[in-house]
Amino acid sequence: PDLVIDEVNTIPFFAKYYTSKKNILFVHQLCREIWFHQMFFPLNVIGYLLEPIYLWLLNDRKVITISESTKKDLMRFGFKRENISIISEGIEIEPVSSLENVKKSEKPSLLSFGSVRAMKRTLDIVKAFEIAKKEVPDLELVIAGDMSLDYAERVHKYIEGSRFASSITCLGKVDIVKKAELMSKAHILVSTSVKEGWCLVVTEAGSQGTLAVVYDADGLRDAVKDGLTGLVTGRNTPGGLSAQVVRALSDQVLYKKLQAGAWQWSKEITFYKAYESFKANIM
């Protein structure tokens, strides 16, 4: 090959040690605190302590990544700024042709989309929904994504005990057609991940005319231009998330501005742009 790309999905392949060909790293995100949300003791501690070591072994490589947050993370572990290139993400869902074609659900609705696991902090979304519903009585919540993990059982049990359980729908995994439909009908997509490389569902939702309200976390703050394409919470708590949800739903001028901003920006985030950036920076 002309180029070997070592794709780092938490653990690298260490390609530099067994290929003489030009090789680079492709890093969506570092794991860091995710170890303590997704792994049990002592593996979480071992993973957390080992990550800086294997990053140090690779910090002479050129890197491509997809967000400023990950770039800053890599620089903390010795990677040189000039060796890190940020390329665009891309989405498979075609953006709607016009916001006039977007038909929202009759009742105001929130959408949580993605696997229901600890690092996504789905329980925070449910709790934020409960708080917001006190101010927006007809508010509804839809949760879509893999619900096979133990954490999902905790979410289910919590929902069953909620006084607003009848306003919460859990769909499990859905196909791409249903995904686009859910994103189009929802009024707001919410995301509370501990860490992402780039929160792709934010961009996908924007392509369907739906703004996002997210926690101030790596990847989320990159996928949302606060006040322009969505809202980033001041506090990463259910109360902080709820306040921004209510703010967006109660101010139609702001809502329309954010909706249009999210839709327009989604049209710029393409695989073609990613490829052109990759060629310009790496090849």
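The values are calculated or read from the model by the stated rules, or taken from the named source; none is laboratory data. Quick caveat: nothing in here was measured; it's all calculated off a predicted structure. So basically every Cβ, Gly included, is an ideal-geometry build from the backbone, and we count neighbours across all protein chains shown. Each accessible area value is taken on the protein alone, full model and side chains, heavy atoms only, with ligands, DNA and RNA left out. Shrake-Rupley method; radii C 1.70, N 1.55, O 1.52, S 1.80 Å.
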Discussion item. Leaving ligands and nucleic acids out of the surface, order T270, T229 by accessible area at 1.4 Å, largest first.
Written reply: T270, T229
Fill in: Summed residue charge, Cβ within 12 Å of P95's Cβ, Lys/Arg positive, Asp/Glu negative
-3
Discussion item. Suppose all protein chains stay in the model; what accessible area per residue would a 1.4 Å probe give for the chain, in Å²?
Written reply: 49 Å²
Discussion item. Less than 16 Å apart at the alpha-carbon level, and either on another chain or at least 8 residues along: which aspartates and glutamates does that give for K178?
Written reply: E92, E94, D146, E204
Fill in: Net charge over other residues, Cβ less than 10 angstrom from the Cβ of I66 (K, R count +1; D, E count -1)
-3
Item to complete: Could you name the aspartates and glutamates whose alpha carbon sits less than 12 Å from that of K71, not counting residues in the same chain fewer than 8 places away?
Response: E82, D218, D222
Worksheet item: What part of the accessible area of the chain, given as a whole %, is carbon or sulfur when the probe is 1.4 angstrom?
Response: 54 percent
Discussion item. Could you give the length gained by full extension between F13 and L254, i.e. 0.36 nm per residue of separation minus their alpha carbon distance, to one decimal place?
Written reply: 82.2 nm
Fill in: Rg/Rh for the chain, where both radii come from Cα atoms and Rh is the Kirkwood radius
0.99
Practice prompt. Take the Cα atoms of segment 191-238, find their three principal axes, and give me the spread along each one in whole Å, biggest first.
Written response: 26, 20, 16
Worksheet item: What are the aspartates and glutamates whose alpha-carbon lies under 20 Å from the alpha-carbon of K134, with same-chain residues fewer than 8 places away excluded?
Response: E106, D124, E160, D251
Worksheet item: For segment 132-145, what does the Karplus curve 6.51 cos²θ - 1.76 cosθ + 1.60, with θ = phi - 60°, yield as ³J(HN,Hα) per residue in whole Hz, taken in order and with x for Gly and Pro?
Response: 5, 5, 5, 9, 10, x, 9, 5, 10, 10, 10, 10, 10, x
Fill in: Pairwise FRET efficiency - K80 versus I5, Cβ, R0 = 25 Å, nearest 0.05
0.85
Response to the item:
Expected vector for segment 109-117, Karplus 3J(HN,Hα) from phi with 6.51, -1.76, 1.60 and θ = phi - 60°, integer Hz, x for Gly and Pro, equals 9, 10, 10, 10, 10, x, 4, 8, 9
Worksheet entry | Karplus 3J(HN,Hα) series, Hz, for segment 244-258 with 6.51 cos²θ - 1.76 cosθ + 1.60 (x for Gly, Pro) | 6, 4, 5, 4, 5, 6, 8, 10, 5, 5, 5, 4, 5, 5, 5
